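All remarks here apply to the structure that follows.
The values are calculated or read from the model by the stated rules, or taken from the named source; none is laboratory data. For clarity, every value in this text was computed on a predicted model and none was experimentally measured. Methodologically, a virtual Cβ is constructed for each residue, glycine included, from the backbone with ideal geometry; neighbour enumeration extends over all protein chains shown.
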Amino acid sequence: MTFQYLQSLLPNDEIHYNNNHSSQFILYENTIDDYYNTINTLKHYNIDYTIETDELSLDTILIH
């Protein structure tokens, strides 16, 4: 998956490259326009992701 493809699916979300390579891209909860829409879009297009929660209870979506 490319950055451009993901950006076309999620045009209002801020997408970050992941430097540690545990995932390809990262979406932070506080930079997502509509969290539930983002999750639904990822599910709809069968994009593999995991959600982790940090010490401040903010979700991070790791896209594989």
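Of everything in the stretch 11-29 that's at pLDDT 95 or above and over 9 Å from the mean Cα position of the chain (by Cα), which residue is surrounded by the fewest Cβ atoms within 10 Å (Cβ to Cβ)?
PRO11
Condition first: surrounded by fewer than 13 Cβ atoms within 10 Å (Cβ to Cβ) and among the polar types (S, T, N, Q). Now tell me which residues in the stretch 1-10 satisfy that. Lay out the reasoning, then the answer.
Here is the first cut: in the stretch 1-10, the residues surrounded by fewer than 13 Cβ atoms within 10 Å (Cβ to Cβ) are 2-5, 8.
Correct list: THR2, GLN4, SER8.
Could you tell me whether the stretch 36-44 includes any residue that is surrounded by 11 or more Cβ atoms within 10 Å (Cβ to Cβ), over 10 Å from the mean Cα position of the chain (by Cα) and assigned to a loop (DSSP other than H, G, I, E, B)?
no
Checking GLU55 against (1) out of contact with any His (no Cβ under 9 Å at 6 or more places or on another chain); (2) part of a loop (DSSP other than H, G, I, E, B); (3) in contact (Cβ under 8 Å) with a residue 12 or more places away in the chain, only one condition comes out false. Which one?
With (1) out of contact with any His (no Cβ under 9 Å at 6 or more places or on another chain); (2) part of a loop (DSSP other than H, G, I, E, B); (3) in contact (Cβ under 8 Å) with a residue 12 or more places away in the chain applied to GLU55, the lone miss is (3).
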